[in-house]
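Sharing a structure with you now.
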């Protein structure tokens, strides 16, 4: 028999029991079958919950809704860019009336790309992994009952919901007004056409509702700060007695580095946005040259937050990949300390590279040189992570389940995203590709591709724990492959369009770029199809999925040391620290359809002895 | 140094046209080779590991090596050396882009939502940029409203145009490698609106984009850069600057009114600016600071233009600049001012009146 046949016969023939079991594979006593999902009933028990797991799920609902909204607008943009009518290169030949029509379309396009970018960045990419998976998993990874400040956690959720709803309301009104001009009288003007970057003096002079939109982002920022504070306190104070810093799972390291960035960088955004409001509403000259300000100062402030924000998006995803690479290679993670330190290293470097966003702004050559040099240094911790993940696979026993497919996809996308970052860090090349589709492709590879693959990897990895249900592995793999293919088709072609000179944020473009846009749009449809299949797989799992075992993957971090879904208080007994990358105590049980702990090694005792 | 590098085109890049494009493209190709190598290495290893080390039994638990400091240092130091080399190369290329040679020919680009206006050394202005080849060209960038950016992909250079400061961009395009030639004549074509178009068929034309988002028509804020031979440039500029030829003086004056910036201070609708409005200026008496009153006739206006502020009209600060005007320009402006007065000889039919100013 070939290797894969052996593998298939082992995997596919499993007919696991449909009774929930504990970590030893024993059926759970129905009286003790209570889980956090069934612990309290009624809508208020969710809306006012202090349970980190329920807050994580509530975040999941609103963040995925934002992802859907941002995604719909991505498809709208790609469709507009693919339509021949959107291509108005020969505008000289248009009549005034046609130009007015085009102008409306351009306003629609400009508001649509702003909505897409702003919703995706502020409401999906930044919060998704910490708020959904971090909230759900972090306390359990530490063997704790909850985060350090459960009430603060709920407050941060409502900051998010309040800020997010307000933000979407403001931006959405503007979009609807460009389609139905009559609606202005009904609900007033709104919208935002500044791009998610709010560059001055455009943002201080635009007729759209920049002030209201900025207020929305300001509130969203508080949610991010509160989550960060909470996670830092949780990691410092709620680790089990014998878990030192270098015994933590790497996802915890990722969340820790992220939380530090959230706490230190987000206030700068808040201050910047306040200054912007002061200028727009009180006419104080800070950024607007007409009032004696300096527009490039805004860019410095803005990127001092927003560059770390890029790493806020990706560092937790890297933590997830580290977990999955080890568990699905059935082998201890390679170079634990280097991976952990590289997360912190990236968090530190994140604060000193913001100037590369202003290479063409006319800042001094010396500054450009310094920022170019510092930006190059990001390549080192990134390379360390990738090589360590590959070394983890080396001589492992690789399991190609869905989480692993996404994790390998992550490595692919992050390799391309990271290496194209080197192009952009090289000053002379950046002069050419700055503000072109090359940048668009680059940041979609790192921010979207990598972060989204990290999220999907994490969701499919922890899904059985979160809902106590397994999902359809076959369809899930189909979706992963479609998403991967669609993503690369959509964005790789944009590198070429960009290097040929296609500027970003263009509603129309010269005809020579049409072919690239068509291919990219085709890719985006494939990507969207894949994502909808994921949604279908998830819904199917919730409705008809078989009960998940306590530990379907044979992982050993503490969240797998309790049943799926976990109890309201997470664990029956407060667990002792385990080595998260030592899988020796778990063996596959065909009847359970997952891994069960060897009965003769009681993990608490074992841990106590080895300490 | 740059000449030594032959014109190398980067993979997936447009034609390298400026003198520093080849150096950029060399680095581009180098980074591409490095990237392809590392991508292939990573993906190759990943594919091989998946093939070679697939799990055969659910309970397989390989206990391989999980730490190797030498290896960690190796794969940190190798990328470090490579990116440092790329940094140095990139910075060197950037410095040549950022430092305009002292002998550059200077042009001015003024931008606003959503238009370009280029000012030539002789004061002539157009919405397209025509420059000579084989000579360093420096463009001083000015914005009247929001941030724009000057970007010509073939030149491999870009600079933001930031209101409140003057950024500069420079480039040089050599005629020989780019096939710029001059066939000895500028073709003149009269457009339907009476204005004229001057074409040098030997010139090369490149698209100029606004690359910094600036609102509604950002994507239409495009222009062209034309590269002529020195000869062709001279001929084109002479012809284009000589656009007055064959036009009635009133129309010439009307064009000069906006071209020379008179419109910033002198209105045509009677509204008050830094200077007196030109509506009903001609033929009417003006109160002077000396206490006299003088009728604004041709001689009065001529002196006001050629010796600004010498007569001093009551109520206005002496802020008018001395302009670089030809004799014929002065006559044309006087003719236009006369056309704006009900005491003037010309019928008031110019479109400038319809549009206010």
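Note down all Cβ pairs under 7 Å where the first residue falls in the stretch B:238-253 and is within 15 Å of residue B:120 (Cβ to Cβ), the second is in a loop (DSSP other than H, G, I, E, B), and they're at least six residues apart or on different chains.
Listed pairs, sorted by first residue: B:239/B:186; B:240/B:124; B:241/B:122; B:241/B:124.
Report yes if some residue within the stretch A:573-581 is without any contact (Cβ under 8 Å) to a residue 12 or more places away in the chain, more than 14 Å from chain B (Cβ to nearest Cβ) and on the phi < 0 side of the Ramachandran plot; otherwise report no.
No, the stretch A:573-581 contains no residue that is without any contact (Cβ under 8 Å) to a residue 12 or more places away in the chain, more than 14 Å from chain B (Cβ to nearest Cβ) and on the phi < 0 side of the Ramachandran plot.
Let's see how each residue does on (1) at the interface with another protein chain (Cβ under 7 Å from one of its Cβ atoms); (2) farther than 14 Å from residue A:394 by Cβ:
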position	(1), (2)
B:52	no, no
B:58	yes, yes
B:64	yes, no
B:68	no, no
B:76	yes, yes
B:80	yes, yes
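May I pose another question? Report yes if residue B:223 is part of a helix (DSSP H, G or I), within 22 Å of residue B:120 (Cα to Cα) and either in contact (Cβ under 8 Å) with a residue 40 or more places away in the chain or touching a strand residue (DSSP E or B) at 6+ places or on another chain (Cβ under 9 Å) (or both), otherwise no.
no
Conditions first: (1) within 14 Å of chain A (Cβ to nearest Cβ); (2) surrounded by fewer than 19 Cβ atoms within 10 Å (Cβ to Cβ); (3) touching a strand residue (DSSP E or B) at 6+ places or on another chain (Cβ under 8 Å). Residue B:192 passes all but one, so which condition is the exception?
(3)
Now, a different point. Only residues that are touching a residue at least 60 places away in the same chain (Cβ under 8 Å), at the interface with chain A (Cβ under 9 Å from one of its Cβ atoms) and either over 21 Å from residue B:133 (Cα atoms) or surrounded by fewer than 16 Cβ atoms within 10 Å (Cβ to Cβ) (or both): list them for the stretch B:14-31, please.
B:27
Of the conditions (1) over 21 Å from residue A:555 (Cβ atoms); (2) touching a residue at least 40 places away in the same chain (Cβ under 8 Å), residue A:271 fails just one. Which one is it?
So residue A:271 meets the others, but not (2).
Looking at B:235, B:239, B:211 in this structure, which one is in contact with a strand residue (DSSP E or B) (Cβ under 6 Å, 6 or more places away or on another chain) and surrounded by fewer than 23 Cβ atoms within 10 Å (Cβ to Cβ)?
Numbers: B:235 fails: in contact with a strand residue (DSSP E or B) (Cβ under 6 Å, 6 or more places away or on another chain); B:211 fails: surrounded by fewer than 23 Cβ atoms within 10 Å (Cβ to Cβ).
Sole residue among the options that is in contact with a strand residue (DSSP E or B) (Cβ under 6 Å, 6 or more places away or on another chain) and surrounded by fewer than 23 Cβ atoms within 10 Å (Cβ to Cβ): B:239.
Follow-up. One residue is enough: does the stretch B:289-301 have a residue meeting the conditions part of a loop (DSSP other than H, G, I, E, B), within 23 Å of residue B:342 (Cα to Cα) and outside the structural domain of residue B:125 (by TED's automatic domain parsing)?
To start, the set of residues in the stretch B:289-301 that are part of a loop (DSSP other than H, G, I, E, B) comprises B:289-292, B:296-297.
Still in the list and also within 23 Å of residue B:342 (Cα to Cα): B:296-297.
From what is left, the residues that are outside the structural domain of residue B:125 (by TED's automatic domain parsing) are B:296-297.
Within the stretch B:289-301 (the criterion being part of a loop (DSSP other than H, G, I, E, B), within 23 Å of residue B:342 (Cα to Cα) and outside the structural domain of residue B:125 (by TED's automatic domain parsing)), the answer is yes, since at least one residue qualifies.
Scan the stretch B:139-189 residue by residue and report those that are surrounded by fewer than 18 Cβ atoms within 10 Å (Cβ to Cβ) and more than 11 Å from chain A (Cβ to nearest Cβ).
B:140, B:174, B:176, B:177, B:179, B:183, B:184, B:185, B:187, B:188, B:189
Scan the stretch A:349-370 for residues that are outside any loop (DSSP other than H, G, I, E, B) and over 26 Å from the mean Cα position of the chain (by Cα) and jot them down. It would help to see each step written out before you state the result.
Of all residues in the stretch A:349-370, those outside any loop (DSSP other than H, G, I, E, B) come to A:349-352, A:354-358, A:365-370.
Listed by number, the residues that qualify are A:365, A:366, A:367, A:368, A:369, A:370.
Moving on. Here are some residues: A:131, A:118. Which one is out of contact with any helix residue (DSSP H, G or I) (no Cβ under 6 Å at 6 or more places or on another chain) and surrounded by 21 or more Cβ atoms within 10 Å (Cβ to Cβ)?
On the way: A:131 fails: out of contact with any helix residue (DSSP H, G or I) (no Cβ under 6 Å at 6 or more places or on another chain).
Within the list A:131, A:118, the selection yields A:118.
While we're here: Considering only the stretch A:204-246, how many residues are in contact (Cβ under 8 Å) with a residue 60 or more places away in the chain and within 14 Å of another protein chain (Cβ to nearest Cβ)?
5
List the number of the failed condition for residue B:262; all other conditions in (1) closer than 19 Å to residue B:123 by Cα; (2) surrounded by fewer than 17 Cβ atoms within 10 Å (Cβ to Cβ); (3) modelled with pLDDT under 90 hold.
Against the list (1) closer than 19 Å to residue B:123 by Cα; (2) surrounded by fewer than 17 Cβ atoms within 10 Å (Cβ to Cβ); (3) modelled with pLDDT under 90, residue B:262 comes up short only on (2).
Quick grid of which residues meet (1) within 10 Å of another protein chain (Cβ to nearest Cβ); (2) touching a residue at least 12 places away in the same chain (Cβ under 8 Å); (3) in a helix (DSSP H, G or I):
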site: A:279; (1), (2), (3): no, yes, yes
site: A:284; (1), (2), (3): no, no, no
site: A:290; (1), (2), (3): yes, yes, yes
site: A:303; (1), (2), (3): no, yes, yes
site: A:316; (1), (2), (3): no, yes, yes
site: A:322; (1), (2), (3): no, yes, yes
site: A:334; (1), (2), (3): yes, yes, no
site: A:347; (1), (2), (3): no, yes, yes
site: A:372; (1), (2), (3): yes, yes, yes
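Among the residues of the stretch B:108-123, what is the count of those that are at pLDDT below 90 and either surrounded by 17 or more Cβ atoms within 10 Å (Cβ to Cβ) or part of a strand (DSSP E or B) (or both)?
Final tally of qualifying residues: 4.
I've got another one for you. I want to confirm something. Restricting to the stretch A:174-203 and keeping residues that are touching a residue at least 24 places away in the same chain (Cβ under 8 Å) and part of a helix (DSSP H, G or I), which single residue is nearest to the other protein chains (Cβ to nearest Cβ)? Please lay out each step first, then the result.
Kept after step one, since they are touching a residue at least 24 places away in the same chain (Cβ under 8 Å), are these residues of the stretch A:174-203: A:174-175, A:178-179, A:191-201, A:203.
Those left that are additionally part of a helix (DSSP H, G or I): A:174-175, A:178-179, A:203.
Numbers: A:174: 13, A:175: 15, A:178: 11, A:179: 16, A:203: 9 Å.
For the stretch A:174-203, the residue satisfying everything is A:203.
In the stretch B:274-299, what residues are within 14 Å of residue B:335 (Cβ to Cβ), in contact with a helix residue (DSSP H, G or I) (Cβ under 7 Å, 6 or more places away or on another chain) and free of Cβ contacts under 8 Å to residues at least 60 places away in the same chain?
Once the filter is applied, which keeps residues that are within 14 Å of residue B:335 (Cβ to Cβ), in contact with a helix residue (DSSP H, G or I) (Cβ under 7 Å, 6 or more places away or on another chain) and free of Cβ contacts under 8 Å to residues at least 60 places away in the same chain, the stretch B:274-299 yields only B:298.
Quick one: in the stretch A:391-401, of everything that is surrounded by fewer than 23 Cβ atoms within 10 Å (Cβ to Cβ) and closer than 13 Å to residue B:65 by Cα, which residue is farthest from the other protein chains (Cβ to nearest Cβ)?
A:394
Out of (1) over 36 Å from the mean Cα position of the chain (by Cα); (2) surrounded by fewer than 18 Cβ atoms within 10 Å (Cβ to Cβ); (3) modelled with pLDDT under 95, what's the single condition that is false for residue B:55?
(2)
Follow-up. Considering only residues of the stretch B:90-100 that are more than 13 Å from residue B:156 (Cα to Cα) and more than 7 Å from every other protein chain (Cβ to nearest Cβ), which is surrounded by the fewest Cβ atoms within 10 Å (Cβ to Cβ)?
Here the answer is B:99.
The values are calculated or read from the model by the stated rules, or taken from the named source; none is laboratory data. Note that this is a predicted model, so its numbers are computed, not measured. So basically every Cβ, Gly included, is an ideal-geometry build from the backbone, and we count neighbours across all protein chains shown.
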